[in-house]
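Pasting a structure here, questions to come.
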Amino acid sequence: MIFFSNINKQYGKQLIFVDASFQLNPGEKVGLVGPNGAGKTTLFRMVVGEETPDEGEVSVPKKLTIGYFRQDVEEMKGRSALDEAIAGSGRAGDLHHELEALHQALEDPHRAHEMDRTLERFGHVQEEYEHLGGYSLEAQAREVLHGLGFEDDQIDGDVGALSGGWKMRVALARVLLGRPDVLLMDEPTNHLDIESIIWLEQFLKSYPGAMLMTTHDREFMNRVVTKIAEIDSGEIVVYSGDYDFYERERAIRESNQQAAFTRQQAMLAKEQRFIERFKTHAAKAAQVQSRIKALDKIEKIELPRKRHVVKFEFRVPPRSGDQVAVIEGLHKSYGPRVIYQGFNLTIRRGERWAVMGRNGAGKTTLLKMIAGAVQPDAGSVRLGASLSMGYFAQQSLDVLDADLTIIEQLQQDFPQDGMGSLRTLAGAFQFSGDDVDKRIRALSGGEKSRLAMARMLYNPPNFLVLDEPTNHLDLATKEMLVEALREFEGTMIFVSHDRTFLRGLSSRVLELGGESGRDRNPLVYPGSYVEYVRKMGHEAPGIFS
């Protein structure tokens, strides 16, 4: 279907691909992995013709339809979210919007003189639209948008009024509705909540076309893909299986390569000793020359390339009192929408609360009230004795100084600590080498999130309030964070859509919106997320297995 044959690509001195080959076959669902800067986005751009290789060939059949979901969404305004989504559904989408324009022309008295021509065009467009199944398109669009978390008022409202994250969901819906032969998906789970992620999993698993996808969500990758294509040091290596299989197989290959390298080095050293010992002996001259020629022909085995992930170890936070936060009689509304009505909860030292609930259930609002960023309408949130709180949300990025570099920000925050410790901290959050000299104003949203998290956790408070802490973290950093937080001796309450994070850290679950997802009675489950899923039969409120 799509072939990459011996491609080479270089940006300045940086080699991206070196004689790399890869093919995507009909119906295959392939996860694309590799460190930042390895060339994943470059590969996507080559498929759609936005870039070309320096050498080699990228072969894409002309009649192949390709849907490309990317992170940079163009401007959206002037029509409903529904119409914006339909606009991406290929020929049927074009006809849908032409029919709307023709309807308006037929109703416009100033265009009465065009009536015959408009009616004739309307008949042709309507016939083709019906032939393509266009009249079911709006229902399909609503189904996809509902699956991605939209309410009806958002679907029919002005797309320009939506936040950037919701516009990303509209862009995703537009690509899915196009039903292309090949889906290129660059981080499709960013900006999605867990309910939408689970819906998207089901959609993609039943999708008949081929797919090439990057994602930092391990669980999502495991459930959707059947192959992994790894880009590393210019090569593309394919593994038949999910992400867990790839990790195990990669470890075995590395171990085998390390053993083969060690054996070869021992053999080369033995041969070199023979050559050195007898190179001046006339009687051994023929043997020496023979071995020199043999060594020249041997293909040298390289050491396996190691992914360097810096382990981060928490300093021990000061001990808090037994009652960390006591919430009593909490009421909170936004206009006519009631979020909390007489809510009570006690958070005790050492507990790790995962807060779950559908969009609008009040997850972020609860965390803001605990952190003091929002006041309740009635009731109280009392924090316990000897408490130091760390609150992480997207707003945490506002406290960074845009004029400083990463290392300057850390030096300003922790003036008593040495450069070595601060570089280790930066490295644990994937800022290595010259990265620490980047100015904060030049960082992406994900990089700023990582820096804000690093600053908060270096001298950890004893109460962590975390709102989507894993957004924009790559797999390696995310798993480092989960491992580090397992050792954290304080108390946590967090919102996360990442099931690796939920499974690895929670000891209590608070499900907002009640068991049905419709009433206002929060459900307190006195066990971990794993136990909650087993007991409730669903992975998130409103999602039933």
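Since every read-out is calculated from the coordinates, none of them should be taken as a lab result. In this text the structure is predicted, and so the values were computed from the model without any measurement. So basically every Cβ, Gly included, is an ideal-geometry build from the backbone, and we count neighbours across all protein chains shown.
Per residue and in cubic angstrom, what volume does the convex hull of the Cα atoms of segment 103-149 have?
Details: hull volume 3.5 nm³, N = 47.
About 75 Å³ per residue, rounded to a whole number.
How much length, in nm to one decimal, is gained on full extension between Gln323 and Arg45, taken as 0.36 nm per residue of separation minus their Cα-Cα distance? Present the calculation step by step, with values, prior to reporting the outcome.
Details: separation 278, 0.36 × 278 = 100.08 nm, distance 5.34 nm.
Gain in length upon complete extension: 94.7 nm.
Between Gln14 and Gln265, what is the label-point separation in nm under the 7 Å Cα-to-beta-carbon projection?
That separation, rounded to one decimal, is 3.0 nm.
Among the trypsin sites (Lys or Arg not before Pro) in segment 1-97, which ones are in a DSSP loop with at most 16 other Cβ atoms within 10 Å of the Cβ? Mind listing them?
Values: sites: Lys9, Lys13, Lys29, Lys40, Arg45, Lys62, Lys63, Arg70, Lys77, Arg79, Arg91; in loops: Lys13, Lys62, Lys63, Arg70, Lys77, Arg79.
Here the trypsin sites (Lys or Arg not before Pro) that fit, given the DSSP loop and packing criteria, are Lys13, Lys62, Lys63, Lys77, Arg79.
Same structure again: Kyte-Doolittle cut-off 1.6, length cut-off 30 Å along the helix's own axis using Cα: show which whole DSSP H helices in the chain pass.
Working: long enough: 243-278 (52 Å, -1.17).
Membrane-span-like by this criterion, though nothing is claimed about a membrane: none.
Multiplying the sequence separation of Leu303 and Glu151 by 0.36 nm and subtracting their Cα-Cα distance, what value in nm do you get? The partial results should precede the final answer.
Details: separation 152, 0.36 × 152 = 54.72 nm, distance 5.35 nm.
So the chain would gain 49.4 nm between Leu303 and Glu151.
What nm distance separates the two modelled labels at Glu127 and Arg382, each placed 7 Å from Cα along Cα→Cβ?
It is 7.8 nm.
Further, regarding this structure: Restricting to Cα atoms and excluding each atom paired with itself, what does the Kirkwood estimate give for segment 323-536 in Å?
Final number for the Kirkwood radius of segment 323-536 is 18.3 Å.
I would also like to ask the following. Between segment 1-70 and segment 150-181, what is the C-alpha centre distance in whole Å?
Answer, in whole Å: 27.
Ranked highest first by the average count of other Cβ atoms within 10 Å around their residues, in what order do 348-361, 158-171, 461-474 fall? Walk me through the numbers on the way to the answer.
On the way: 348-361: 20.3, 158-171: 17.6, 461-474: 21.9.
The packing order, highest mean first, is 461-474, 348-361, 158-171.
I'd like the FRET efficiency for Glu100 and Glu120, computed as 1/(1 + (r/R0)^6) with the beta carbon distance as r and R0 of 22 Å, rounded to 0.05. Intermediate values should be presented prior to the final figure.
Values: r = 18 Å, r/R0 = 0.80.
The pair Glu100/Glu120 has a calculated efficiency of 0.80.
How high is the FRET efficiency from Asn344 to Glu57, r the C-beta distance, R0 56 Å, rounded to 0.05? Before the final figure, lay out the partial values.
Details: r = 66 Å, r/R0 = 1.17.
Computed FRET efficiency for Asn344 and Glu57 comes out at 0.30.
Evaluate the distance, in nm, between pseudo-label points positioned 7 Å from the Cα of Ile292 and of Phe314 along their respective Cα→Cβ axes.
Placing both labels 7 Å beyond Cα along the Cβ direction yields 6.3 nm.
Say a paramagnetic label sat at a point 7 Å from the Cα of Thr226, along Cα to Cβ; which residues of segment 240-261 have their backbone N under 14 Å from it?
In segment 240-261, the label zone of Thr226 (backbone N under 14 Å from the point 7 Å along Cα→Cβ) covers 240-242.
Turning to a different aspect of this structure: In segment 245-297, with Lys and Arg counted as +1 and Asp and Glu as -1 at Cβ, which of these residues, Gln258, Ala286, Tyr246, has the Cα nearest the positive end of the dipole, that is, farthest along it?
Most positive-ward Cα: Ala286.
Placing +1 at every Lys and Arg Cβ and -1 at every Asp and Glu Cβ, with all other atoms neutral, what dipole size does the chain have around its Cα centre, in debye to the nearest 20? Could you put the intermediate results ahead of the total?
On the way: 67 positive and 79 negative charges, 590 e Å.
Once rounded to the nearest 20, the dipole reads 2840 debye.
Please identify the trypsin sites (Lys or Arg not before Pro) of segment 384-491 that satisfy two criteria: DSSP loop assignment and at most 16 other Cβ atoms within 10 Å. Which are they? Don't skip to the end; give the middle numbers.
Details: sites: Arg423, Lys438, Arg439, Arg441, Lys448, Arg450, Arg455, Lys478, Arg486; in loops: Lys438.
Those satisfying the criteria are Lys438.
Below 12 angstrom from the Cβ of Asp158, what's the summed charge of the other residues (Lys, Arg +1; Asp, Glu -1)? Provide the component values of the computation, followed by the final result.
On the way: positive: Lys77, Arg79, Lys167; negative: Asp83, Glu84, Asp153, Asp156.
My count for the surroundings of Asp158 gives -1.
Let me ask something additional. Tell me, in nm to one decimal, what length is gained between Gln394 and Asp108 on full extension, where the rule is 0.36 nm per residue of separation less the Cα-Cα distance? Before the final figure, lay out each step's value.
Details: separation 286, 0.36 × 286 = 102.96 nm, distance 4.77 nm.
Result: 98.2 nm gained on full extension.
Given the Cα atoms of segment 217-301, and with Rh set as the inverse mean 1/r over their pairs in the Kirkwood sense, what is Rg to Rh to two decimals? Write down the numbers at each step before the final one.
Working: Rg = 21.1 Å, Rh = 16.3 Å.
Here Rg/Rh amounts to 1.30.
Output the relative contact order of the chain, whole-number percent, from Cα pairs under 8 angstrom with separation of 6+ residues.
Working: 915 pairs, mean separation 76.4, N = 545.
Over the chain, the number comes to 14 percent.
Sum -39500 (n - 2.57) across every DSSP H segment of at least 4 residues in the chain, then divide by the residue count to get the 222 nm mean residue ellipticity, nearest 500. Write out the running numbers ahead of the final one.
Working: 18 runs with 215 residues, N = 545.
Result for the chain, helices only: -12000 deg cm²/dmol.
Would you please give the residues with an amide H less than 5 Å from that of Ala378, counting only those at least 5 places away or on a separate chain, with H modeled from the backbone geometry?
His331
Moving on to the next point. How big is the antiparallel share of DSSP beta bridges in the chain, given as a percent to the nearest 5?
Values: 37 of 69 bridges.
Expressed as a percentage, antiparallel bridges in the chain total about 55.
Could I ask something else about it? What FRET efficiency would be calculated for the residue pair Glu483, Ser5, taking the C-beta separation as r and a Förster radius of 51 Å, to the nearest 0.05? It would help to have the intermediate numbers written out before the result.
On the way: r = 40 Å, r/R0 = 0.79.
Efficiency, from the Cβ-Cβ distance: 0.80.
Please get the size of the charge dipole for segment 77-180, origin at its Cα centre, with Cβ charges of +1 on Lys and Arg and -1 on Asp and Glu, quoted in debye to the nearest 20.
On the way: 11 positive and 20 negative charges, 111 e Å.
I would put it at about 540 debye.
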